[in-house]
Amino acid sequence: MRIVETKAQVRAQVRRWRDAGEKVTLVPTMGALHQAHVNLVRLAQRSGRAAVSIFVNPTQFAPGEDFERYPRDLEADAALLRRAGADLMFAPATEEVYPRGLGDLTRVETPGLSAELCGARRPAHFAGVTSVVARLLLITLPDAVIFGRKDYQQLVILRRMVEDLHIPVEVVEGPITREEDGLAMSSRNRYLSSGERRVAPRLNAVLLECAERLRDGERDFARLERDAAARLERNGFVPDYVAVRRAGDLGLPSASEPCAWVVLAAAWLGAARLIDNVACSPPPGEPIA
Ligand code: AMP
């Protein structure tokens, strides 16, 4: 596996592969890699070369969030990627991504959806994500990019950004990788105490129950959301939100028009803010809008 730090190096390597007829897929990450990232790398490898970027993006953290203490261990990340069989690791310094500093940045924003759900509590977060992912795509110029479904709102926003800006890259979704007890893998799970770690899978359990009630015909979305939030609170979480949305665009669902749904939640458990989501479709035979 090749490790590069500059825009010129990564672009030249990606171009060489593409010129040789090989498909290159980028997996953008913030490092602190775990099995979920390995699975995304394997997905990338299935169609050719897998390039992984590691960059803890300062512009997506608000003051007081965990930018400073976000886990960083480039050596461990490189070792994991080597074992996973990645072809390229791109670990740029902040100046490489933001050559003119962090003030007065050229920004990419996706209004509307970026202010909802996770964006309601983290108003500048998704503008930071879109602004950095646009840069990473334009720096590396890959054929395809993989985003995990674990960060479902981020996936929908980035897909929209790629479409709206006509960025010539294929967006691929990576399925959620979970621990055996259902907890979605996340670099932030290491903020959990051992007691909290035992409770954490309840988040997934509550979302699954919500999805089952949807499938069973419950169409009072507000009640489902209230019940799920109350269950989370009873288990010691402090929920930011639980929401039933249309899976395609995260719009508000209508009780009279069944569609593919997604149930999403963000909840604090101690010092960790956990997010998760579960996809859900109406029972077979019910028409889908
Ligand atoms: P991050 O972990 O924030 O650096 O995210 C890097 C990429 O990995 C993003 O596309 C995430 O959606 C994805 N990702 C992180 N955890 C998971 C998981 N448990 N399952 C699937 N994708 C994930």
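Taking H placed 1.01 Å from N in the peptide plane, check which residues at least 5 places from Y241 or on another chain put their amide H under 5 Å from its amide H.
A266
When the accessible area of the stretch 2-174 is computed with all protein chains present and a 1.4 Å probe, what percentage of it is carbon and sulfur?
The value for the stretch 2-174 is 50 percent carbon and sulfur by accessible area.
If you put +1 on each Lys and Arg Cβ and -1 on each Asp and Glu Cβ, how big is the dipole of the stretch 187-280 around its Cα centre, in Debye rounded to 20?
That gives the stretch 187-280 a dipole magnitude of about 380 debye.
Let me check I've understood the local charge: for R231, count other residues with C-beta under 9 angstrom from its C-beta, Lys and Arg +1, Asp and Glu -1. What total comes out?
My count for the surroundings of R231 gives -1.
Give me the angle, in degrees from 0 to 90, between the Cα long axis of helix 202-215 and the longest principal axis of the Cα atoms of the chain, rounded to the nearest 10.
60
Just to confirm the number: angle between the C-alpha axis of helix 74-84 and the first principal axis of the chain, 0 to 90 degrees, nearest 10?
Rounded to the nearest ten degrees, it is 80.
Of the listed peptides 144-154, 107-117, what is their order by residue-averaged count of other C-beta atoms within 10 Å, with the highest listed first?
144-154, 107-117
For the stretch 158-289, rounded, prolate or oblate, judged on the Cα gyration tensor with a ≥ b ≥ c (square roots of eigenvalues), a/c < 1.5 rounded, else prolate if a/b > b/c?
oblate
Of A62, L136, H166, which is farthest towards the positive pole of the chain's charge dipole, taken about the Cα centre with +1 and -1 on the beta-carbons of Lys, Arg and Asp, Glu respectively?
The one lying farthest along the dipole's positive direction is L136.
For helix 7-19, what angle does its Cα long axis make with the longest principal axis of the chain, in degrees from 0 to 90 and rounded to 10?
Approximately 90 degrees, to the nearest ten.
State the extension gain, in nm to one decimal, for the chain segment bounded by T6 and D249, taking 0.36 nm per residue of separation less the distance between their alpha-carbons.
That pair, T6 and D249, stretches by 84.0 nm at full extension.
Using Cα pairs closer than 8 Å and at least 6 residues apart in sequence, work out the relative contact order for the chain, in percent.
16
The values are calculated or read from the model by the stated rules, or taken from the named source; none is laboratory data. Note that this is a predicted model, so its numbers are computed, not measured. No Cβ is skipped: glycine too gets one built from the backbone with ideal geometry, and neighbour counts run over all protein chains shown. Heads up: the accessible areas ignore ligands, DNA and RNA and are worked out on the full protein's heavy atoms, side chains in. Shrake-Rupley method; radii C 1.70, N 1.55, O 1.52, S 1.80 Å.
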